[in-house]
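**Q** If you scroll down you'll find the structure; I have some questions about it.
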Amino acid sequence: MKPQQDESYAAIDLGSNSFHMIVANYSDGRLQIIDRIKEMVRLASGLDENNELSEDSIQRALACLQRLGERIKEIPQANIRAVGTNTVRQACNGGYFLSLADSALGHPIEIIAGQEEARLIYQGVAHTTYDEVNKRLVIDIGGGSTELIIGRGFEVFSLGSLYMGCVNMSKRFFDDGKIKTKKINKTTLYVRQELESIEAAYKKTGWDLVLGSSGTITTIRDVVQAQKWCETGITADALSKLIDALVDFGNSNAIELEGLSEHRKPVFASGVAVLAGIFEGLGLDQIGVSDGALREGLLYDLIGRMHNEDIRDKTIMDVSQRYGVDKDQANRVKETAEKLFHQVSVDWALHKKEALKLLQWGALIHEIGLSIAHAQYQQHGSYLITYSDLAGFSRQEQIKLAKLVRSHRRKFPRDEFEAISSQAQQSVIRLSILLRLAAVLHRSRSNNPLPDIRIDVNEDTINLYFPPQWLFGHPLTLADLKTEQNYLQAAGFTLTFQ
């Protein structure tokens, strides 16, 4: 499905420091930004020592989301994507917060992993500052994490997400607001230690030039250029002069520098120290700055999905190949699951595009657990999906996909679906039943085509209709269906076949 001419799209980024929204029109293959909204929420500052968000920080976030929700009311739901990043990932009461946040925004909010955040940041930079020749290192210092990516054009070679951002580093090293050389040095040393895990691999991959993105780095650029310490980007010498100036001010409230807004002052010194640590660790002399970031990456990723250029499709194929899935069997199960889906989608209120996609992906990788062991391979597969970095997928999507794989055979684990939001539980359970039936019908792994099979449903009742005498001519399939009947009955479902 292609986007309509001049149709609006919106991307919302619930960052650890700021919440951003970008609204754009897409027409004739071009994206035109028509609105940008940014609010300093500092969600990360509301995390206590137990990683629990304070009620005050939650209320600040909800008030902001209500305002953003007003702006997107007229935009089709399918054209909106909202994601939460590091702080929402870290918060132990993140589920409670998300339930309130979804309602305040009027749209579901996805949680994305650090690697996915890095991928989307790179896509935002690549689309905004395209360069198909040079291999580029992209650095994005957020409120709760820093992403470092190496790529060329739209191709990514290395993705890294480290738990060091301007807000959490400010809480750790500058909590009293005082800026001292000792504190700067402690912060840069911490950054160097965090970089150790990726430093050697990144240097081995190499890069031709470096670009920074997002608020911390763009603000540093604005300040050093306003002071005429460098003409373009940010140089190591300009960064050193900025650190000296911050130490002279002595306190975050006392900073007076052109290009620095009042609301960024409390986390500016920590952001500068993080960048200084990256300069030291990676041996950088200068970096450029890109206007593209996570929200731009979200927009282009969303439009790609509408154009049937969905990165998630490629991810599923990569997973299938990595774990040596029997593609013939996977495709047999997929095709039968699709046929069953189309017959019940209305009666079971399954959203045509989203639900069918999930079912197709589940069918294509439902046997990945066999790469570990045959016994309980549905559980092995579920584990792999839950804890892998799957490009394009949010955490919620991975959990749904994992439940499809987990429940495609043997005992139906209905209680485990409680890990899925209440709004999505019923549809994922129903998709799981369709995948189970398709897997049962192809248990023989035969290339012989199945007959036309009809299915109708009524809430928790499923009826299958085969051509006359077909089941009696296939006694193993009949026996498998009877076993499946018992599994489903134990889970509260009624399966009949004739």
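The values are calculated or read from the model by the stated rules, or taken from the named source; none is laboratory data. Computed from a predicted model, the values in this text were never measured in an experiment. Heads up, the Cβs are rebuilt from the backbone with ideal geometry, glycines too, and the neighbour counts pull from every protein chain shown.
**Q** Is it the case that segment 283-293 has a residue that's in the same structural domain as GLY160 (by TED's automatic domain parsing) and part of a helix (DSSP H, G or I)?
**A** Taking every residue of segment 283-293 in turn, none turns out to be in the same structural domain as GLY160 (by TED's automatic domain parsing) and part of a helix (DSSP H, G or I).
**Q** Are any residues in segment 454-478 under 16 Å from ALA337 (Cα atoms) and either touching a strand residue (DSSP E or B) at 6+ places or on another chain (Cβ under 6 Å) or surrounded by fewer than 16 Cβ atoms within 10 Å (Cβ to Cβ) (or both), and if so, which ones?
**A** ARG454, ILE455, ASP456, ILE462, ASN463, LEU464, TYR465
**Q** Now a separate question. Mind telling me which of the residues ARG136, ARG152, ARG119 ends up being surrounded by 21 or more Cβ atoms within 10 Å (Cβ to Cβ), farther than 20 Å from ILE22 by Cβ, out of contact with any Pro (no Cβ under 7 Å at 6 or more places or on another chain) and of a type in the set (Lys, Arg)?
**A** ARG136
**Q** Let me ask something else. Restricting attention to segment 420-438, which residues are at pLDDT below 95 and either in contact with a Lys or Arg (Cβ under 7 Å, 6 or more places away or on another chain) or basic (Lys, Arg) (or both)?
**A** ILE420, ALA424
**Q** Has segment 40-58 got at least one residue that is within 25 Å of GLU296 (Cβ to Cβ), over 21 Å from the mean Cα position of the chain (by Cα) and at pLDDT below 95?
**A** Yes, because at least one residue in segment 40-58 is within 25 Å of GLU296 (Cβ to Cβ), over 21 Å from the mean Cα position of the chain (by Cα) and at pLDDT below 95.
**Q** If you don't mind, another one. Determine whether ILE75 is crowded, with 19+ Cβ neighbours inside 10 Å, touching a residue at least 40 places away in the same chain (Cβ under 8 Å) and within 23 Å of LYS352 (Cα to Cα).
**A** So ILE75 fails the test.
**Q** Going by the structure shown, is GLU280 assigned by TED's automatic domain parsing to the domain that holds GLY206, assigned to a loop (DSSP other than H, G, I, E, B), farther than 26 Å from THR85 by Cα and not aliphatic (A, V, I, L, M)?
**A** Considered against the rule, which asks whether it is assigned by TED's automatic domain parsing to the domain that holds GLY206, assigned to a loop (DSSP other than H, G, I, E, B), farther than 26 Å from THR85 by Cα and not aliphatic (A, V, I, L, M), GLU280 comes out as no.
**Q** A follow-up question, please. Can you find even one residue in segment 232-243 that is β-branched (Val, Ile, Thr), assigned to a loop (DSSP other than H, G, I, E, B) and more than 31 Å from the chain's Cα centre (by Cα)?
**A** yes
**Q** Any chance you could count how many residues in segment 188-200 are farther than 11 Å from ILE278 by Cα and surrounded by 12 or more Cβ atoms within 10 Å (Cβ to Cβ)?
**A** Going through segment 188-200 one residue at a time, the tally reaches 1.
Yes/no per residue for (1) crowded, with 20+ Cβ neighbours inside 10 Å; (2) within 20 Å of PRO108 (Cβ to Cβ); (3) free of Cβ contacts under 8 Å to residues at least 24 places away in the same chain; (4) of a type in the set (S, T, N, Q):
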| position | (1), (2), (3), (4) |
| --- | --- |
| LEU359 | yes, yes, no, no |
| GLN379 | no, no, no, yes |
| TYR383 | no, no, yes, no |
| GLN396 | no, yes, no, yes |
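**Q** Let me spell it out: the conditions are (1) at pLDDT below 95; (2) more than 19 Å from the chain's Cα centre (by Cα); (3) over 27 Å from VAL156 (Cβ atoms), and ILE33 meets all of them except one. Which number is the exception?
**A** Looking at each condition in turn, ILE33 falls short on (3).
**Q** List every residue pair whose Cβ atoms lie under 7 Å apart, where the two residues are 6 or more positions apart in sequence or sit on different chains, the first residue falls within segment 41-64 and is within 17 Å of THR85 (Cα to Cα), and the second residue, located anywhere, is of a type in the set (Phe, Trp, Tyr) and in a helix (DSSP H, G or I).
**A** Between residues of segment 41-64 that are within 17 Å of THR85 (Cα to Cα) and residues that are of a type in the set (Phe, Trp, Tyr) and in a helix (DSSP H, G or I), the close pairs are LEU53/PHE97; ILE58/PHE97.
**Q** Please state which one of LEU495, LEU441, LEU404, LEU481 is crowded, with 19+ Cβ neighbours inside 10 Å and either at pLDDT below 95 or under 26 Å from the mean Cα position of the chain (by Cα) (or both).
**A** Only one candidate passes the filter, namely LEU404.
**Q** Any residue that is closer than 23 Å to LEU450 by Cβ and aromatic (Phe, Trp, Tyr) - is there at least one of those in segment 336-352?
**A** Yes, the conditions are met somewhere in segment 336-352.
**Q** Next up: Just to be sure I understand the filter: pairs with C-beta atoms under 7 Å, separated by 6 or more residues or on different chains, first member in segment 330-357 and among the polar types (S, T, N, Q), second member surrounded by fewer than 16 Cβ atoms within 10 Å (Cβ to Cβ) and not in a helix (DSSP H, G or I). Which pairs pass?
**A** Filtered contacts from segment 330-357: GLN343/ARG454.
**Q** OK, next. Which of the residues spanning segment 208-244 are in contact (Cβ under 8 Å) with a residue 60 or more places away in the chain, touching a strand residue (DSSP E or B) at 6+ places or on another chain (Cβ under 6 Å), farther than 21 Å from PRO266 by Cβ and surrounded by fewer than 21 Cβ atoms within 10 Å (Cβ to Cβ)?
**A** LEU209
**Q** Here is a follow-up. Report whether or not LYS327 is farther than 24 Å from GLN489 by Cβ, crowded, with 16+ Cβ neighbours inside 10 Å and out of contact with any strand residue (DSSP E or B) (no Cβ under 7 Å at 6 or more places or on another chain).
**A** no
**Q** Can you confirm whether LEU31 is part of a helix (DSSP H, G or I), touching a strand residue (DSSP E or B) at 6+ places or on another chain (Cβ under 8 Å) and in contact (Cβ under 8 Å) with a residue 40 or more places away in the chain?
**A** Spelling it out, it is not the case that LEU31 is part of a helix (DSSP H, G or I), touching a strand residue (DSSP E or B) at 6+ places or on another chain (Cβ under 8 Å) and in contact (Cβ under 8 Å) with a residue 40 or more places away in the chain.
**Q** Residues in segment 407-438 that are crowded, with 19+ Cβ neighbours inside 10 Å, under 22 Å from LEU370 (Cα atoms) and not small (Gly, Ala, Ser): how many?
**A** Within segment 407-438, residues that are crowded, with 19+ Cβ neighbours inside 10 Å, under 22 Å from LEU370 (Cα atoms) and not small (Gly, Ala, Ser) number 9.
**Q** Find the helices (runs of 4 or more DSSP H) located wholly in segment 324-411 whose residues include 2 or more that are aromatic (Phe, Trp, Tyr), and list them.
**A** It comes to 377-387.
**Q** Hey, could you check segment 89-99 for residues that are in contact with a Leu (Cβ under 6 Å, 6 or more places away or on another chain) and among the hydrophobic types (A, V, I, L, M, F, W, C) and say which is surrounded by the most Cβ atoms within 10 Å (Cβ to Cβ)?
**A** ALA91
**Q** Within segment 161-174, can one find any residue that is assigned to a strand (DSSP E or B) and either assigned by TED's automatic domain parsing to the domain that holds TYR202 or closer than 26 Å to VAL247 by Cβ (or both)? Full working, then the answer.
**A** Here is the first cut: in segment 161-174, the ones assigned to a strand (DSSP E or B) are 161-162.
Among the residues that remain, those that are also either assigned by TED's automatic domain parsing to the domain that holds TYR202 or closer than 26 Å to VAL247 by Cβ (or both) are: 161-162.
So far as segment 161-174 goes, yes, one or more of its residues are assigned to a strand (DSSP E or B) and either assigned by TED's automatic domain parsing to the domain that holds TYR202 or closer than 26 Å to VAL247 by Cβ (or both).
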